[in-house]
Amino acid sequence: MSDAPSPARWTLVVHGGSGAFARGLLSEAEDAGARAGLSAALAAGAAILSAGGASLDAVEAAVRVLEDDPHFNAGRGAVFTYDGTNELDAAIMDGESRAAGAVTGVTRTRNPVSLARAVMERSDHVLLSGPGADAFSAAHGLEQADAGWFALPERRRQLDELKAAGDDAAFDHGMKYGTVGAVAADTHGHVAAATSTGGLTGKRWGRIGDTPLIGAGTFADDRACAVSATGSGEYFIRVGAGHEIAARVRIGGETIEAAADAVIEEVGEIGGVGGVIVVAPDGSGGWSFNTPGMYRGLATQDGDHDVAIYGDE
Ligand code: ASP
């Protein structure tokens, strides 16, 4: 018998946001469309991982599919700001090197996750914002899109509804359409995470959520796990959710399931709602959420390819 270590097993977990959606709230078309989108994202990432590709490539590919899919609040179909624009946030992190890149408030890049990757690989920085990030994108030849590509009538209607309700804080607590994200472990034993969002409907004053903040909404470390979050970002920032889960695993020796559950509980204790997807270098993976539902999917080397929306499935 050979004592060579067996190759690591690949696993991919994706999410399309968590929220207050209970059964019956989504139309049949919305439900089926979201499931098809999650499945397509799993297929895109699984194609890379099953061929021995890198987790970093897989999470980028999966998130790009979800950004282009209007069912989700990222890229095309992003929610509107209070001022009627779409301002996009994204991040990516490589667990092997702990290299990371992120952007916030970008308006012209078709796939913000790829812009985040360009920041990671082609700049000395981790986080670029607003017009500067848009300029970096154009200068580095990323595919540009008109405002009309991102802006869909249904999301405009949601902003109008929010404003009509007279909510001065203009904070969309329902979050029916969520952020997207992916975490993966590859056959080389490396993990990666990526997250992309339009943020919250009605966001204003340059509000930035947890998604592009490394250690909050996005984190990856081969010594522990990769994490992508969704939910009320302010609370995930305050808990340092992504890093906290990884720290519990790395320093505390907790399983990823226990660490994710404990941190989601902490988020809940201070008033936050949402969820995380997590994967470890050994290929174990899963999620934790305190909302009625979370769009999610899991694919593994063992042939799993499952998507789910509601908490009871
Ligand atoms: N976490 C995102 C944010 O706060 C929103 C979401 O996940 O739906 O910007």
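The values are calculated or read from the model by the stated rules, or taken from the named source; none is laboratory data. Since this is a predicted model, take the numbers as computed values, not measurements. Don't worry about glycine lacking a Cβ; one is built from the backbone with ideal geometry, like all the others, and counts go over all protein chains shown. Keep in mind that these areas ignore ligands, DNA and RNA; they rest on the heavy atoms of the full protein, side chains included. Shrake-Rupley method; radii C 1.70, N 1.55, O 1.52, S 1.80 Å.
Answer yes or no as to whether ARG155 is over 20 Å from THR81 (Cα atoms) and basic (Lys, Arg). Spelling it out, it is not the case that ARG155 is over 20 Å from THR81 (Cα atoms) and basic (Lys, Arg).
Considering only residues that are among the acidic types (Asp, Glu), in contact with a Lys or Arg (Cβ under 8 Å, 6 or more places away or on another chain) and under 16 Å from THR211 (Cα atoms), which ones fall in segment 81-133?
Of segment 81-133, the ones among the acidic types (Asp, Glu) are 83, 87, 89, 94, 96, 121, 124.
Then keep just the ones that are in contact with a Lys or Arg (Cβ under 8 Å, 6 or more places away or on another chain); that gives 83, 87.
Residue satisfying the conditions is GLU87 alone.
SER288 meets the conditions (1) under 18 Å from the mean Cα position of the chain (by Cα); (2) more than 14 Å from the ligand (Cβ to nearest atom); (3) open to solvent by 60 Å² or more (accessible area, probe 1.4 Å) in every case but one. The failed one is (3). Residue count for segment 9-25, restricted to those that are under 25 Å from LEU49 (Cα atoms) and part of a loop (DSSP other than H, G, I, E, B): 2. Here ALA20 clears all of (1) surrounded by fewer than 17 Cβ atoms within 10 Å (Cβ to Cβ); (2) more than 16 Å from the ligand (Cβ to nearest atom); (3) within 26 Å of PHE219 (Cβ to Cβ) except the condition numbered (2).
Test GLY166 against the stated conditions and say whether it is at pLDDT below 95, over 23 Å from the mean Cα position of the chain (by Cα) and loosely packed, with under 15 Cβ neighbours inside 10 Å. Step through it out loud before you land on a result.
Numbers: at pLDDT below 95: yes; over 23 Å from the mean Cα position of the chain (by Cα): yes; loosely packed, with under 15 Cβ neighbours inside 10 Å: yes.
Answer is yes for this residue.
Quick check on segment 93-100. Is at least one of its residues without any contact (Cβ under 8 Å) to a residue 12 or more places away in the chain and either within 20 Å of VAL279 (Cα to Cα) or of a type in the set (Ser, Thr, Tyr) (or both)? Yes, segment 93-100 contains at least one residue that is without any contact (Cβ under 8 Å) to a residue 12 or more places away in the chain and either within 20 Å of VAL279 (Cα to Cα) or of a type in the set (Ser, Thr, Tyr) (or both). Selection of first residues in segment 105-117 that are assigned to a strand (DSSP E or B) and of second residues that are open to solvent by less than 20 Å² (accessible area, probe 1.4 Å), restricted to Cβ pairs under 6 Å at least 6 apart or on distinct chains, gives the following pairs, ordered by first then second residue: GLY105/GLY130; VAL106/LEU88; VAL106/PRO112; VAL106/ALA133; VAL106/ASP134; THR109/LEU115; THR109/SER137.
Out of all the residues in segment 175-190, which are open to solvent by less than 10 Å² (accessible area, probe 1.4 Å) and within 9 Å of the ligand (Cβ to nearest atom)? If you could, list the steps in order and put the result at the bottom.
Of all residues in segment 175-190, those open to solvent by less than 10 Å² (accessible area, probe 1.4 Å) come to 178, 180-186.
Result: GLY178, VAL180, GLY181.
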